[in-house]
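Beneath this line is the structure, given in structure tokens, with notes to follow.
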Amino acid sequence: MTLKQSLVMLSFFAGVSGDGFWARDITFENTAGPQKHQAVALRVSSDLAVFYRCSIKGYQDSLYAHSLRQFYRDSHIYGTIDFIFGDASVVLQNCDILVRRPLGHQSNMITAQGRDNPAENTGNVIHGCRVRPAREFEGVKGSFKTYLDRPWHKYSRTVFLKTDLDGLVDPKGWTEWRGSFAISTLYYGEYMNVGQGASTDKRVRWPSFHVLNSPREVSPYSISHFIQGESWILGTGVPVWLGI
């Protein structure tokens, strides 16, 4: 299934379940606003799904990467709390991740990954992207805390690779869901990130957090290994980096 139109806006929840779905130049937006709390803009449970030059805009829970293999390239994802969440095997490459202004008492969590079984090959791979404030958040970003992920389920897995992290990212980097839940069983990693928010000196001291230092450590998260992208992305003509 292929969907290719220029700058179409969907101002409601959109769900995708057909395998091989491909979207290009589409904006998926939920306009509910931060005061409505959970408000998904796009839910994807399609295997071999490709989103190219798309925008996914919301506040809390904007992109529900529900399940199976998904690839996002040259896209924009906007939100506040858990705005990239789910239990898919998902890779974002060369995307802009734009943090918006939450309600006054809230903090931002970019991702909330939901792996609940250590045997699952699921997780979030953020590769060669840019994490930065949306326009309305730029002037007040220092008044709110922003974290890379919090563990939605026990074996949550998220890695940020060669990504530009703005100074809005809290030095701690990652945060708890509640108490000590999952902090010894999750897997969080960072590799060769840059920017004012990329220093790992003050990151969480959890045994499950890893500063990755070698190509061997990050090779499992390449397109080729993590979602077997050589067999299905190349044929779409969408740009892709097969390695790290």
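Some observations on this one:
- All positions within the range 100-119 that are within 18 Å of the chain's Cα centre (by Cα) and not hydroxyl-bearing (Ser, Thr, Tyr): 100, 101, 102, 108, 109, 110, 112, 113, 114, 115, 116
- Total residues in the range 177-234, condition open to solvent by 20 Å² or more (accessible area, probe 1.4 Å), in a loop (DSSP other than H, G, I, E, B) and closer than 25 Å to residue 71 by Cβ: 6
- Tally of residues being assigned to a loop (DSSP other than H, G, I, E, B) and without any contact (Cβ under 8 Å) to a residue 60 or more places away in the chain across the range 235-244: 3
- Test: residue 116 is of a type in the set (D, E, K, R) and surrounded by 24 or more Cβ atoms within 10 Å (Cβ to Cβ): no
- Residue within the range 29-44 that is open to solvent by less than 30 Å² (accessible area, probe 1.4 Å), touching a His at 6+ places or on another chain (Cβ under 8 Å) and at pLDDT 95 or above present: yes
- Taken over the range 149-166, the criterion of being open to solvent by 10 Å² or more (accessible area, probe 1.4 Å) and part of a loop (DSSP other than H, G, I, E, B) is satisfied by 150, 152, 153, 154, 155, 162, 166.
- Checked against (1) among the polar types (S, T, N, Q); (2) farther than 19 Å from residue 91 by Cα; (3) open to solvent by less than 10 Å² (accessible area, probe 1.4 Å), residue 143 passes all but a single condition, namely (3).
The values are calculated or read from the model by the stated rules, or taken from the named source; none is laboratory data. Every value quoted in this text rests on a predicted model; they were computed, and no experiment measured them. Counting neighbours? That spans all protein chains shown, and the Cβs are built from the backbone with ideal geometry, glycine included. All accessible areas refer to the heavy atoms of the entire protein, side chains included, with ligands and DNA or RNA removed. Shrake-Rupley method; radii C 1.70, N 1.55, O 1.52, S 1.80 Å.
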